[in-house]
């Protein structure tokens with residue numbers, strides 16, 4: 001009777017409190033689910049990351065539902081707090097006398113004794129947890145005093161005690177560690193008990209969030225006190241300052257807690273991420289330092305040291321690095337050689353995608369060397385040579401100079417004069433090669449307004465032909481160095497100059513004449529050229545070529561990505577008209593184009609296109625002549641190394657990926673027609689972000705082909721228009737409604753006029769990476785980006801983050817314009 005009445009009182013108390021708890025948990029679910037940042041993927045085998053302690057016996061199988069038992073323990077604790085614990089203990093006392101043997105209560109009778117309505121398994125887990133806390137040997141059972149001690153622990157109203165009991169039940173091995181799988185089980189069982197289905201579905205994400213917050217060093221586990229402190233902070237405001245400080249410190253990776261260690265760690269991590277660049281730069285600067293120190297030390301033993309001192313040592317040391325760098329700077333712009341290296345073993349060791357950046361670094365070293373060399377000579381060596389006492393001059397330099405020269409004589413000598421001319425030309429070249437001048441950011445006043453831009457960069461860069469000639473002359477007429485063998489300038493220059501000249505003048509980089517098949521001028525100032533493919537012209541998707549139009553300029557060549565597929569019978573490029581040369585090219589073809597709509601509707605995607613009523617040979621009479629060079633390698637050509645592709649293009653940056661999509665479409669069509677027996681084992685996700693609606697017409701045909709032929713969803717295309725407010729915004733609500741109705745009716749998007757539906761605003765890149773990591777778990781995904789530099793760093797960081805969080809690996813490749 002006592003047992004039944006106590007049970008009924010407990011159950012009625014539980015039912016009264018259940019609705020209040022359910023309401024609070026539902027509010028909590030809404031608050032947690034509202035966060036859009038909880039996107040980390042949960043690994044299915046996270047428990048495998050747990051670090052086993054020394055001496056710990058590995059468990060072959062996790063005992064079932066320890067998290068569930070912890071949850072039930074919390075519910076039991078709520079149930080027994082009825083305010084009548086004294087009456088309840090009297091009932092427990094009677095049941096102890098009934099079920100004990102020899103004054104001790106066995107483990108299997110503990111639940112019945114304390115009046116729990118659950119089975120022996122749960123009560124046994126609670127019994128073991130309490131015994132571990134007290135350090136009691138329970139092999140023969142526990143005494144009445146120990147039962148009462150357990151009971152007093154259960155009836156404490158202190159939140160800390162209840163949380164501790166809960167964790168002791170979850171941490172069965174008592175090591176004080178929780179893995180992500182442990183946390184996930186706790187969340188799932190908590191959600192199930194409180195009927196929170198949405199929360200339960202995202203339990204893995206929330207468990208990953210807790211691990212990401214409390215395990216920044218990625219040990220694979222967290223300590224009990226960390227999660228306990230976090231829960232105490234959410235359940236009560238009475239959180240000690242020590243607990244808060246410890247928790248905040250734990251949320252920071254160990255290697256980042258000390259400022260110096262944080263700085264060193266960042267450098268080390270950056271070197272690991274960019275090891276190809278790191279070892280090349282290390283080797284480059286080491287060679288420069290070695291040459292400088294070697295030449296400096298050598299000239300301390302020369303007779304000239306008696307008069308010139310360290311000035312001659314410094315000038316000659318800087319000159320030695322200049323000879324090396326002036327030779328080396330030619331190699332990164334040998335495009336044919338770089339393209340060939342991409343397919344070899346050296347392509348895996350060398351940062352071939354960073355050839356232009358390396359070219360700029362060498363140019364910086366040349367500037368530094370030039371300044372040191374020039375200042376040391378003109379501010380020190382020339383002064384000492386012209387002012388030293390005549391008898392000392394004759395003793396040291398008598399065999400080199402017939403008479404002692406003046407300062408002006410030294411400046412007007414062949415080495416002095418050629419050096420000054422080279423300095424002026426290199427200064428002009430360097431100035432117009434800077435980003436501000438090359439991209440026409442600098443707006444100069446009249447009549448100098450035309451000096452900035454790519455055209456000026458192109459022409460001033462060719463002053464270097466004169467500079468190299470003067471460099472050889474300068475090195476041949478050195479005053480302090482005698483003998484053909486000792487004049488080493490030509491030693492450095494001969495091989496790089498031969499390599500560069502062979503690419504520019506010999507057949508490895510010959511000019512190809514092509515006929516223009518069709519030209520289209522789209523809205524947004526984009527010119528599309530469709531040209532005949534020269535015989536033997538082989539390329540890969542993602543490569544680029546150089547285009548030359550002699551009617552605009554006899555010398556200028558400009559690079560553009562090939563947008564046609566290797567299997568097409570033609571070549572195509574899409575050119576955004578931004579600079580002087582591209583604007584002039586657009587105007588030349590505009591003369592041969594005609595509007596496709598005589599009375600275009602306002603806001604429509606009007607365009608101009610060449611006539612299709614004449615043959616290719618007849619059309620060449622009205623089209624400007626076009627020549628090409630190439631093809632040349634680019635990062636996007638490595639897409640075949642991956643079975644899963646994430647292609648991201650901003651605006652005209654979509655061009656290399658259109659060629660890739662065209663190539664995949666060709667394979668799909670051949671498979672469908674039976675020409676190819678092997679199915680395509682790739683998945684491509686293309687995200688195209690643009691701010692202009694007219695941009696979608698550039699590749700409308702490709703988008704329609706994807707919708708028509710890709711029935712197996714090999715290619716997944718996502719178009720984003722950033723000029724429209726995001727979906728859900730009242731300012732774009734009507735546009736979204738019409739878009740949905742029209743697409744449902746005839747399958748055509750009202751924005752792009754294609755079969756691919758357009759999204760509004762910008763993509764949530766974190767969500768994109770999370771979805772791919774979940775969908776293709778364990779795969780190696782190639783991430784290819786072409787666009788502005790602003791998005792490069794965020795995408796690279798996401799690749800690193802999601803590669804570390806799960807078994808999916810994201811390899812990042814980028815092209816910037």
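General remarks:
- Residue within the range 502-519 that is modelled with pLDDT of 90 or more, assigned to a helix (DSSP H, G or I) and either out of contact with any strand residue (DSSP E or B) (no Cβ under 8 Å at 6 or more places or on another chain) or assigned by TED's automatic domain parsing to the domain that holds residue 583 (or both) present: no
- Residues located in the range 694-708, provided they are in a helix (DSSP H, G or I) and at pLDDT 70 or above: 695, 696, 697, 700, 701, 702, 703, 704, 705, 706, 707, 708
- Selection from the range 641-675 of residues that are in a helix (DSSP H, G or I) and without any contact (Cβ under 8 Å) to a residue 40 or more places away in the chain: 667, 670, 671, 672, 673
- Scanning the range 789-807 for residues that are crowded, with 18+ Cβ neighbours inside 10 Å, in contact (Cβ under 8 Å) with a residue 60 or more places away in the chain and within 22 Å of residue 348 (Cβ to Cβ) turns up nothing.
- Near pairs, Cβ below 6 angstrom, 6+ apart or cross-chain, from the range 523-544 (within 17 Å of residue 561 (Cα to Cα)) to any residue that is in a loop (DSSP other than H, G, I, E, B) and at pLDDT below 85: 525/577; 526/698
- Selection status of residue 365, within 16 Å of residue 311 (Cβ to Cβ) and in a helix (DSSP H, G or I): no
- Strands (runs of 3 or more DSSP E) enclosed by the range 549-627 - at least 2 residues per element that are closer than 30 Å to residue 667 by Cα and either under 33 Å from the mean Cα position of the chain (by Cα) or at pLDDT 70 or above (or both): 558-561, 570-576
- Inter-residue pairs, beta-carbon under 6 Å, first outside the structural domain of residue 168 (by TED's automatic domain parsing) and in the range 134-152, second part of a helix (DSSP H, G or I), 6+ apart: none
- The listed residue being free of Cβ contacts under 8 Å to residues at least 60 places away in the same chain and crowded, with 20+ Cβ neighbours inside 10 Å, out of 345, 358, 382: 382
- Any hit, the range 404-414, residues being modelled with pLDDT under 90, more than 51 Å from the chain's Cα centre (by Cα), buried (at least 18 other Cβ atoms within 10 Å of the Cβ) and assigned to a loop (DSSP other than H, G, I, E, B): yes
The values are calculated or read from the model by the stated rules, or taken from the named source; none is laboratory data. As the structure is a computational prediction, the values presented were derived from the model and not from experiment. Because the Cβ atoms are built from the backbone with ideal geometry, glycine has one as well, and the counts that use them run over all protein chains shown.
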